[in-house]
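The values are calculated or read from the model by the stated rules, or taken from the named source; none is laboratory data. Being a predicted model, the structure only gives us computed values, none of them experimental. Virtual Cβ from ideal backbone geometry, glycine too; neighbours counted across all protein chains shown.
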Amino acid sequence: MRSTLPTLLLALTLTGAVSAVANAQIVGRNETVYTWRGTVPTGRQFTVRNFNGPIDVRAATGNTVELRAEKRLRGGSVTDVGFEVRTSSSGDVSICSTQDDDSCDGDHHRDRDGWHRDVSVSMTVLLPRGVRLKVATGNGALSVERAGGDVEASTGNGRVSVVETEGAVNVSTGNGEVTVRNAKARVHVSTGNGDVDVVTAQGPVEVSSGNGDIDVRMSALRSPEDMEFNTGHGDVKLTLPANYNGELDASTGNGSIRSDFDLKVKGQLNPRHIRATIGQGGATLRMSTGNGEFEIRKG
């Protein structure tokens, strides 16, 4: 009897391992254009990862998710690129492009005699609005329009555009401009280099750029939360609801600060660093630029 329980546990463990492996498939090696269609339940997540190339996400007309991936080869073979598809018991789906026998859990950005620089994949996704989206590419532009719920988008190098989404938006790029339009929930943007332009129906918003102008317009604030806007070099323009209340902490290495709101300055007046109360005070609004102007506008 002493050996029965360990044997049973081992059998269950192996069964689970086989099941997990069965849910991960490498497909589409022999196809120049690979297409996947399936259903992802509302509220679950659809993840797309591309080692090199753009991803364009648009709204689906029905409940079916569709991914179309076109291989673009200037060297190598069409069979060098495949797609790993994983599904979870909860309904989440993950698809990534991969080279040779790489797993999506491993390093699939390796250089094999330099050929991978001549291979890219252009992806187009049709996604229902209620599905959460996570999309990433090592190099390439990202575009999401009227698709998905919460959106998380990241690229190592490329511009990012997110338009008319229902949920929270989280965007990061190592190098590239970022545009967010008509978001309806929290927005967080980070770029190593590039301008950031955000228009949202409802804040809060946070933005960080290593080098670039920041322009953010909020029609309303869901709740009085701290917000932060930083750029190493560039102007920061911020439009807030006319009834905004908060504590301002703004600093600039070389520039001026202009505000449509009355500022009740705290402490000694310093044109390079201002701490002030707006309206009745409240959450903290932090703004900083190494070299640039500040403009705070009433919506």
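Checking the structure you have, find out if any residue of the range 116-125 is out of contact with any strand residue (DSSP E or B) (no Cβ under 7 Å at 6 or more places or on another chain) and closer than 28 Å to residue 210 by Cα. Taking every residue of the range 116-125 in turn, at least one turns out to be out of contact with any strand residue (DSSP E or B) (no Cβ under 7 Å at 6 or more places or on another chain) and closer than 28 Å to residue 210 by Cα. Residues that are of a type outside the set (Gly, Ala, Ser) and either surrounded by fewer than 19 Cβ atoms within 10 Å (Cβ to Cβ) or assigned by TED's automatic domain parsing to the domain that holds residue 224 (or both) were ranked within the range 153-172; the one that is nearest to residue 41 (Cα to Cα) is 166. If the condition is being over 17 Å from residue 131 (Cα atoms), surrounded by fewer than 18 Cβ atoms within 10 Å (Cβ to Cβ) and not polar (S, T, N, Q), then the range 173-187 contributes 174, 181.
When the range 227-255 is limited to residues that are of a type in the set (Asp, Glu) and part of a strand (DSSP E or B), the one that is farthest from residue 213 (Cα to Cα) turns out to be 247.
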